[in-house]
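See below for the structure under consideration.
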Amino acid sequence: MSAKIFPTAQDAENAFYEALERSDLDAMMAVWSEDEEIVCIHPAGNRLAGQAQVREAWRQMFVGGPGMRVQIGQQVVVTGMMVAVHSVHESITVAGEQRPRPPMVATNVYLRTPSGWRMIVHHASPAPGEPPAAGAPVDPSTPKILH
């Protein structure tokens, strides 16, 4: 059991991104719930479920060590008594890369547990392009997606 206690979902969120920037596997896993019902989906990746799959994916990501910077923007937070959902835009830069990476959108879900708030879902995917300006013509061949 992790000794780290996150009194708020925002504290857990801050710890998640700090661990990501430091490539610190132990700090990363301290943010996650210790239940097996956790899910992580990295951009263009498979759905990872359970402690073993989530830990292994972060371990592989952190092999190169620190060097990633993540700037969070446009945060939208919905919080209830037991669950909090954070939707954010992630701007990621990696040391040594010439071009910035495309922006990501992420949904982070936190559960209030007896030992504080813990992450149960992280789902990140590439952000869509900028929406068209108001009044701009719409390409009729663009499919309409209802979801």
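Relative to the longest principal axis of the Cα atoms of the chain, the long axis of helix 9-22 lies at roughly 90 degrees.
How much of the pair distance distribution for the chain lies past 29 Å, counting alpha-carbon pairs only, in percent? For the chain, the fraction of Cα-Cα distances above 29 Å is 22 percent. For the pair Ser125 and Asp11, a Förster radius of 30 Å applied to the C-beta separation gives a FRET efficiency near 0.75, rounded to the nearest 0.05. Using C-alpha pairs under 8 Å with a sequence gap of at least 6, the mean separation divided by the residue count of the range 9-125 gives a relative contact order of 27 percent. Tell me which residues come under 5 Å, amide H to amide H, from Val121 once H is placed; ignore anything under 5 positions away on its chain. HN-HN under 5 Å from Val121: Val39, Val109. 3J(HN,Hα) couplings calculated from phi for the range 44-59 with the Karplus curve 6.51 cos²θ - 1.76 cosθ + 1.60 (θ = phi - 60°) are, in sequence order, 6, x, 6, 6, 9, 10, x, 4, 5, 5, 5, 4, 5, 5, 5, 4 Hz; Gly and Pro show x.
Rule-based calculations on the coordinates, nothing more; no lab input. A quick note: this is a predicted structure, and the numbers were derived from the prediction, not measured. Cβ: placed from backbone, ideal geometry, glycine included. Neighbour counts: every protein chain shown.
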